[in-house]
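First the structure, in the form of structure tokens, and then the observations on it.
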Amino acid sequence: MAGFVTRRRRAVLIVAVLLALLGGAVSTSLFGKLSAGGFDDPGADSGRAADVLEETFGQSPPNLALLVTAPDGVDSVASAEAGARLTEALTAEDGVRDVVSYWTTGQPQLRNADGDRALVLATIAGDETEVNERVGALADTYGGSLADGVTVEVGGYAAFQHELTEQSERDVVTGELIVFPVTLIALVVVFGGIVAALLPLAVAAATSLLGMGLLWALAEVTSLSVFAANVVTLAGLGLAIDYSLLMVNRYREELAAGRAVPEAIDATLRSAGRTIAFASLTVCIALATLILVPLPAIRSIGYAGVLTALLAAASSLIVLPALFAVLGTRVGTPRRRLPSGDGFWHRLAMVVMRRPVPIATVVTAVLLLLGAPFLGMKLGYLDERVMPSSSEARGVAEAIRAEFPTGEQDALQVVAPSGLPSPDTYAERLSSLDHVARVDTVTGSYAAGASVAPAGPLHERFAAGDAVYLSVVPEPGTVEQVRDLVGAVRAVDAPDDVLVGGTAAVAEDADRALLDILPWALGAVGLAMVVLLFLLTGSVVLPFLALVLSTLSLTATFGAMVWIFQDGHLSGLFGFTVTGTTISTVPVMLFALAFGLAMDYQVFMLARIREEYDRGASPTEAVALGLEKVGRIVTAAAVLISIVFLAFLVSDITLMKAFGVGLPLAVLIDATLIRGALLPATMRLGGTAIWWAPAWARRLHTRVGLREAADDHSPEWSAV
């Protein structure tokens, strides 16, 4: 690869620029293909209930709500005429069905107690992409002021998803505008020169542009979440800068050692390049666990993450050496280093290893203390509260919950595809549950275990052939109360097989899907990491130690996240709404990203420590020398990638703020408490046993292990 890139450097760079420009060009229409939904399990009961409702009954839960405010009252002549015209116009729109309003039905639950607000509810038909496009057009048409001071605000789940998509697109642009200049300043400080500092940013830009283009192509064949774009942009920047930093540093060291440019490129790829390829594989494996999750949004983030890690590594291993070949010695050489044994990381490692037991005990206790709030984690669902208070969709949702005596939008649909022998008896039992306002079905309406309205024309829609469904309308209350109602409904004995659907049921099923897949995902990633780290180190002990240390780091991170976002201790600082729950998808995505990065740095460290051990250093000295040689540059990489991830904090979406806090926290905990203290302490306690492997494993590692044979060009195979 080094020879090819050096000989064809201009061709490589021209192709890279053209591909990046093409990726940037096609990605201009990317967000029109992305969905803000996908946080449901289509194969769960709630997903199948939605399918039956759509296919058999032609029914879908309302996803559009127009909140009409009339200062002179919704029952005034002018307001009533305006409301009727609004309802009629919305009914005539293509792709809009099941339109109901206070003025056409007279239902009191569609009017607030003060009489100055009323609702128009409707369903926008189509898939998530079609709904997203349609609701934007409808919001432009119907939002704003009507005649006689009447105003209309657009809300509902479709409007929430549309706002989420638009906000994510703005966040991507804002994040990039902030990250690039700040990162450039930090790189200049690290390298002491503008040319070397620009190289990682050039690779990062190529990675992000090409990644967005490939995401556009992937969106043609599968459903992708808007958050996948955030992952490609910011994680792409972070990983590309991370890998480029190691490559540039090693190349400058090779130049300083007196090598000519071609030999320096060759040595860089044989050492840092090989380790980067291996490290990117560990990140890919961690992120690939998200593909196992049945939720389309999480799965799409897994696709985006794997794609990003591969592109970051490929750009660093192909584009960057071509830039080295063009720039030659203008990249510069590193600052003068202190003699071996005098560096900060060497001294720190020796201090830790002189007192391994008390230091390991204290650091472990600190990590467990930070992780203690994790035990109180309560999972919640992604809803309008993740949006800023200025969000129109959020304002409509909060007004409906606070002012309207109805749970229509939160109703559960209990579907019996094969019919029910006695729907009235079943409806009575459901209506007697706590927090149920009423139950509507083909035989009438029920409340508190008794019939309150006989069957009429409005009840005919609850039957289609043999199939029957019931609408369980909850009392006005919190999101969490409605979630609790799902379990209560499912616990009631039904006379036949039924499926429970509705927004709350979708949330429950999504959480269950995550919890069910979690053990398998953790087992898969743990096994893969053990195998890969064994191939790297030749030890059967070190891989398990690395897993334990990474788990401790993530536990502390998750505990801090619960303390900050679920308990709301820093809500004023970060500007988000406290819900008392943790969005269920956050721990899963944060685990994959943070675990991958933690193992990434473990690879860089263990590779260098293993090299020193193979050269004849004692176990203690190998750790100290390894940290001395890799510590400075990996610390710089951790700080730089944290700067990139902090850009998530500019988002007004709570979900993205959680990543903006959680990912830098995980990286910095790993770079300080784990790498600076706990790893040296535990390796000192393990001594030579830390490198132990049975005879058969040693033979296997000799045959297939990852090591670079010494030659005239590159006597080392280390990370940096």
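The values are calculated or read from the model by the stated rules, or taken from the named source; none is laboratory data. Please read these numbers as outputs of a predicted model, since none were measured by experiment. Virtual Cβ from ideal backbone geometry, glycine too; neighbours counted across all protein chains shown.
So that you can scan it fast, the table gives a plain yes or no per residue for (1) over 23 Å from Q161 (Cβ atoms); (2) buried (at least 16 other Cβ atoms within 10 Å of the Cβ); (3) touching a helix residue (DSSP H, G or I) at 6+ places or on another chain (Cβ under 8 Å):
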position: G380; (1), (2), (3): no, yes, yes
position: V386; (1), (2), (3): no, yes, yes
position: S390; (1), (2), (3): no, no, no
position: A393; (1), (2), (3): no, yes, yes
position: A399; (1), (2), (3): no, yes, no
position: P405; (1), (2), (3): yes, no, yes
position: L412; (1), (2), (3): no, yes, yes
position: Y446; (1), (2), (3): yes, yes, yes
Subset of the range 125-136 that is of a type outside the set (D, E) and in a loop (DSSP other than H, G, I, E, B) - its residue that is modelled with the lowest pLDDT: G126
Filter result (surrounded by 21 or more Cβ atoms within 10 Å (Cβ to Cβ) and charged (D, E, K, R)) within the range 192-248: D242
Boolean, P296 is on the phi < 0 side of the Ramachandran plot, touching a Gly at 6+ places or on another chain (Cβ under 7 Å) and either surrounded by fewer than 21 Cβ atoms within 10 Å (Cβ to Cβ) or not assigned by TED's automatic domain parsing to the domain that holds V630 (or both): yes
Qualifying residues in the range 211-220 (those that are under 20 Å from the mean Cα position of the chain (by Cα) and in a helix (DSSP H, G or I)) - the one farthest from I301 (Cα to Cα): G213
Enumeration of residues in the range 151-167 that are closer than 25 Å to D116 by Cα and crowded, with 23+ Cβ neighbours inside 10 Å: V154, G155, G156, Y157, A158, A159, F160
Lone unmet requirement of (1) of a type in the set (A, V, I, L, M, F, W, C); (2) assigned to a helix (DSSP H, G or I); (3) in contact (Cβ under 8 Å) with a residue 24 or more places away in the chain for F39: (2)
Failed criterion for L86 (all others in (1) at pLDDT below 90; (2) hydrophobic (A, V, I, L, M, F, W, C); (3) not assigned by TED's automatic domain parsing to the domain that holds L214 hold): (1)
Filtered residues of the range 108-118 (kept if surrounded by 15 or more Cβ atoms within 10 Å (Cβ to Cβ) and either more than 14 Å from V152 (Cβ to Cβ) or at pLDDT below 90 (or both)): Q109, L110, R111, N112
Residues satisfying the stated conditions in the range 488-532, i.e. of a type in the set (G, A, S) and assigned to a loop (DSSP other than H, G, I, E, B): A494, G502
Test result for T141, touching a Ser or Thr at 6+ places or on another chain (Cβ under 7 Å) and either modelled with pLDDT of 85 or more or outside the structural domain of L234 (by TED's automatic domain parsing) (or both): no
Selection within the range 464-493 - surrounded by fewer than 20 Cβ atoms within 10 Å (Cβ to Cβ), in contact with a Phe, Trp or Tyr (Cβ under 9 Å, 6 or more places away or on another chain) and small (G, A, S): A464, A467
Qualifying residue in the range 221-229 (condition: closer than 13 Å to Y303 by Cβ and over 20 Å from the mean Cα position of the chain (by Cα)): yes
Odd one out for G258, checked against (1) over 17 Å from L245 (Cβ atoms); (2) crowded, with 18+ Cβ neighbours inside 10 Å: (2)
G568 vs. criteria at pLDDT 90 or above, under 30 Å from L485 (Cβ atoms) and either more than 20 Å from the chain's Cα centre (by Cα) or among the small types (G, A, S) (or both): yes
Complete set of residues in the range 93-124 that are outside any helix (DSSP H, G or I) and more than 39 Å from the chain's Cα centre (by Cα): G106, Q107, A113, D114, G115, D116
Given (1) at pLDDT below 85; (2) crowded, with 16+ Cβ neighbours inside 10 Å; (3) farther than 19 Å from H701 by Cα, index of the condition L515 fails: (2)
Members of the range 330-358 found to be at pLDDT 85 or above, surrounded by fewer than 19 Cβ atoms within 10 Å (Cβ to Cβ) and aliphatic (A, V, I, L, M), listed by number: L348, M350, V351, V357
Wholly within the range 581-691, helices (runs of 4 or more DSSP H) carrying at least 2 residues that are assigned by TED's automatic domain parsing to the domain that holds D516, within 33 Å of the chain's Cα centre (by Cα) and at pLDDT below 85: 585-614, 619-646
Where a residue in the range 43-58 is buried (at least 18 other Cβ atoms within 10 Å of the Cβ) and its partner, wherever it lies, is assigned to a helix (DSSP H, G or I) and of a type outside the set (S, T, Y), with Cβ under 6 Å and at least six apart: A44/D509; S46/A505; S46/V506; S46/D509
Enumeration of residues in the range 156-209 that are at pLDDT 85 or above and outside any helix (DSSP H, G or I): G156
All positions within the range 488-523 that are closer than 23 Å to L593 by Cα, hydrophobic (A, V, I, L, M, F, W, C) and touching a Leu at 6+ places or on another chain (Cβ under 7 Å): A510, A513, I517, W520, A521
Residues satisfying the stated conditions in the range 387-437, i.e. more than 35 Å from the chain's Cα centre (by Cα) and either of a type in the set (K, R) or in a helix (DSSP H, G or I) (or both): P423, D424, T425, Y426, A427, E428, R429, L430, S431
Single match in L485, L458, L527 (criterion: assigned by TED's automatic domain parsing to the domain that holds Y613 and not aromatic (F, W, Y)): L527
Helices (runs of 4 or more DSSP H) contained entirely in the range 263-367, each with at least 3 residues that are under 30 Å from A681 (Cα atoms) and without any contact (Cβ under 8 Å) to a residue 40 or more places away in the chain: 344-354
Criterion (of a type in the set (V, I, T) and surrounded by 23 or more Cβ atoms within 10 Å (Cβ to Cβ)) met by exactly one of T577, T537, T581, T555: T537
